[in-house]
Amino acid sequence: MQTAEGDPRRKLSIAHFLLLIPWIALVIDAWSPIGDNSFLWHIRAGSIQLDAGSVITRDPFSFTAGGEAWLTQSWLAELIYGRLEASSGLGFVPLMMLVVMVLTFFGLGLLAYRSSNNVLVTGIILIISTVLMVSFLVPRPVIFSYLLSVLVILSWERRQTRWLLPFLFWLWASVHGSFFIGLAYVGLRLLSKKDWKALPVAIASGLATLLTAHGLGVIKILTDFVAARPYLSLLSEWRTPELLSPVFFPFFVGIVLIMYGATRGRIKPLDLVVVVPFFAIALTSLRSVPPAWISLVVLVGVALAGERPRLPARFGTGAAAVFAGAIILLPFLLIGEATLSEDRFPIQAAEQLDVAPVFHNDVVGGYLIWSRGPELEVFIDDRAELYQERMEEFVDIRVGKEPWEPVFERYGISQALLAADEPMVGWLEEAGWVITYGQGTDFVIVSAG
């Protein structure tokens, strides 16, 4: 009997079950405690825009940059968040996460299989994708950008579906500023394949990004991002990745596989027009690794397309159904109700703050915008493109490189919400401030004496 992978008579193998492994991580991740501060302020931005009937164009959240020009790049995602929170609180988060992530990984699997025509290679690529991306699968709008990146690539790689690209790019520009990575993919693939007939679609896709609620403002969003690059590096997710980190090492493995494919003649010299720029993008920051990886999945599949490893341990239909059912149901035994992370957010302490200027870190800032904003304005959060040099000043104050007194006096700050073990608690107490809430807990409020 013929046992080639394409033979429909063969039974399922372990390789097929590799395709289900990401499911376990996705379910557990979806129901993990919510610890993403950026997601929380996006929710409040959504409710403000729903009430106002217009998108945000000036900062409504902080007393350090309040009223300054600021375009929220994720206005459409925020409207969805605001509507869902109004109807179900934060209960919508796990199911939303699971649906978006499953669609994303299903799309990645399609890309891998279409380019490799190999189930085992597809499973390996999905497992690499899981290890690389799982720490970035958070409910903030970036999660939609991963799905849209996959949809853009799927649409581009089939000529019959390229007409979808302008709509996909309009959608992408409405939910996240990383749409330029998708445009780069389309442009680079166009060059590598010399597919000039697709140029009108590529141009229409770029123009579609200028037709969102911000219009030409999307250009300002991108230029603000570029200008804020030195300050983004102050945030951990924007720091340069290390080769052996759990995020970058799987990406590096993918690059090695592409180079292996080049030695076998499967990766053509012109394909490097795509590989080199996205490898360079991945080197810029941790946040850049997942979108760069998604952009190279097709080439990783092509690199391994000629491999035909033997598929071990075939199963009959009954055994396969039991095994698959166990994999699908197992993660639901490991999850609980999705809640906010009490280790990351000062849930109790935040309720005790006066409606007055308060000093805190960027993580707490995102939480305060959601829980007390916009009535209680924040000192800072993670919007580096807005704060820029003020974010650097904030970091210097926290580590003692700059004195805190001038900044507190400038903004009239009379209270600080801090982790109990922060050095600044001691500095404030030495200056006569007193702990007014949270003695002996993880978070404390320190008030002017």
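On a 0 to 90 degree scale, rounded to 10, what angle separates helix 362-372 from the longest Cα axis of the chain?
It works out to around 80 degrees.
Can you give the Rg/Rh ratio of the chain, where Rg is from the C-alpha atoms and Rh is the Kirkwood radius?
In the chain, Rg relative to Rh is 1.01.
Could you give me the ³J(HN,Hα) list for the range 113-126, computed from phi with Karplus coefficients 6.51, -1.76, 1.60 and θ = phi - 60°, whole Hz, x at Gly and Pro?
Running phi through 6.51 cos²θ - 1.76 cosθ + 1.60 with θ = phi - 60° gives 6, 4, 8, 10, 6, 8, 5, 5, 4, 4, x, 4, 5, 5 Hz.
Please check the chain for the longest run free of GluC sites (Glu not before Pro) that are loop-located per DSSP (anything but H, G, I, E, B) and have at most 13 other Cβ atoms within 10 Å.
Longest site-free region, per DSSP loop and neighbour criteria: 69-241.
Over the chain, what percent of the accessible surface lies on carbon and sulfur atoms, probe 1.4 Å?
Within the chain, the accessible surface is 63 percent carbon and sulfur.
Roughly speaking, what % of Cα-Cα pairs in the range 145-273 are separated by over 27 Å, rounded to a whole number?
32
What number comes out for the charge environment of HIS42, summing +1 per Lys or Arg and -1 per Asp or Glu over other residues with Cβ under 12 Å away?
-2
I need the shape label for the range 328-449. Rule: rounded when a/c is under 1.5, else prolate if a/b > b/c, else oblate, with a, b, c from the alpha carbon gyration tensor.
prolate
On C-alpha positions alone, give me the angle between the axis of helix 179-193 and the longest principal axis of the chain, in degrees, nearest 10.
30
Leaving out ligands, DNA and RNA but keeping every protein chain, what accessible area does ARG344 have, in Å² rounded to the nearest 10, with a 1.4 Å probe?
ARG344 exposes around 100 Å² with every protein chain in place.
Per q in 0.19, 0.24 Å⁻¹, report the Debye log10 I(q)/I(0) for the range 209-309, using one uniform scatterer on each alpha carbon and no solvent.
The Cα Debye sum returns log10 ratios of -0.94, -1.16.
To the nearest 10 degrees, how steep is helix 142-157 against the longest Cα principal axis of the chain, on a 0 to 90 scale?
The angle comes out near 30 degrees.
Between LEU171, LEU216, LEU19, where does the largest GNM mean-square fluctuation fall for the chain, given springs only between Cα atoms within less than 10 Å?
LEU216
Mind checking which of SER341, SER38, SER115 has the largest fluctuation in a GNM of the chain, springs on alpha carbons under 10 Å?
SER341
Given charges of +1 on the Cβ of Lys and Arg and -1 on the Cβ of Asp and Glu, with all other atoms neutral, how large is the dipole of the chain about its Cα centre, in debye to the nearest 20?
For this selection, approximately 3420 debye.
Modelled label-to-label distance, ARG159 and GLU405, 7 Å Cα→beta-carbon offset: nm?
7.4
Would you kindly derive the ³J(HN,Hα) couplings of the range 266-281 from the backbone phi angles with the Karplus curve 6.51 cos²θ - 1.76 cosθ + 1.60 (θ = phi - 60°), listing them in order in whole Hz, with x for Gly and Pro?
Those phi angles translate into 7, 9, 8, x, 5, 5, 5, 4, 8, 5, 4, x, 6, 5, 5, 4 Hz.
Go through LEU286, LEU232 and list them by solvent-accessible area, largest first, probe radius 1.4 Å.
Sorted by accessible area, descending: LEU286, LEU232.
Where is the GNM fluctuation largest for the chain (alpha-carbon springs, 10 angstrom cutoff): VAL247, VAL434, VAL100?
Fluctuation is largest for VAL434.
Around SER115, with a cut-off of 14 angstrom between Cβ atoms, what is the net charge of the other residues, counting Lys and Arg +1 and Asp and Glu -1?
Result for the neighbourhood of SER115: +3.
Counting Lys +1, Arg +1, Asp -1, Glu -1, what net charge surrounds GLU405 among other residues with beta carbon under 15 Å of its beta carbon?
Taking every other residue near GLU405 into account, the sum is -3.
Identify, among PHE180, VAL121, SER236, the residue whose Cα sits farthest towards the positive end of the charge dipole of the chain, taking +1 on the Cβ of Lys and Arg and -1 on the Cβ of Asp and Glu, with the dipole about the Cα centre.
The listed residue farthest towards the positive side: VAL121.
For the range 238-374, rounded, prolate or oblate, judged on the Cα gyration tensor with a ≥ b ≥ c (square roots of eigenvalues), a/c < 1.5 rounded, else prolate if a/b > b/c?
Oblate.
Once every DSSP H run of n ≥ 4 in the chain is given -39500 (n - 2.57) and the sum is divided by its residues, what mean residue ellipticity at 222 nm do you get, rounded to the nearest 500 deg cm²/dmol?
-17000 deg cm²/dmol
Calculate the dipole size of the range 238-369 relative to its Cα centre from +1 charges on Lys and Arg beta carbons and -1 charges on Asp and Glu beta carbons; express the result in debye to the nearest 20.
Here the range 238-369 has a charge dipole of around 1120 debye.
When Rg is the radius of gyration of the Cα atoms in the range 43-190 and Rh is its Kirkwood radius, what does Rg/Rh come to?
That ratio is 1.03, to two decimals.
Have a look at GLY66, PHE106, PHE443 and report the one farthest towards the positive end of the charge dipole of the chain, computed about the Cα centre with Cβ charges (Lys/Arg +1, Asp/Glu -1).
The residue sitting most towards the positive pole is PHE106.
Roll a 1.4 Å probe over the protein chains and send me the accessible area per residue for the chain in Å².
It amounts to 44 Å² per residue over the chain.
The values are calculated or read from the model by the stated rules, or taken from the named source; none is laboratory data. Keep in mind it's a predicted model, so treat the numbers as computed, not measured. Reconstructed Cβ throughout: ideal geometry from the backbone, glycine too, with neighbour counts over all protein chains shown. Just the protein is used for accessible areas: all its heavy atoms, side chains included, with ligands, DNA and RNA removed. Shrake-Rupley method; radii C 1.70, N 1.55, O 1.52, S 1.80 Å.
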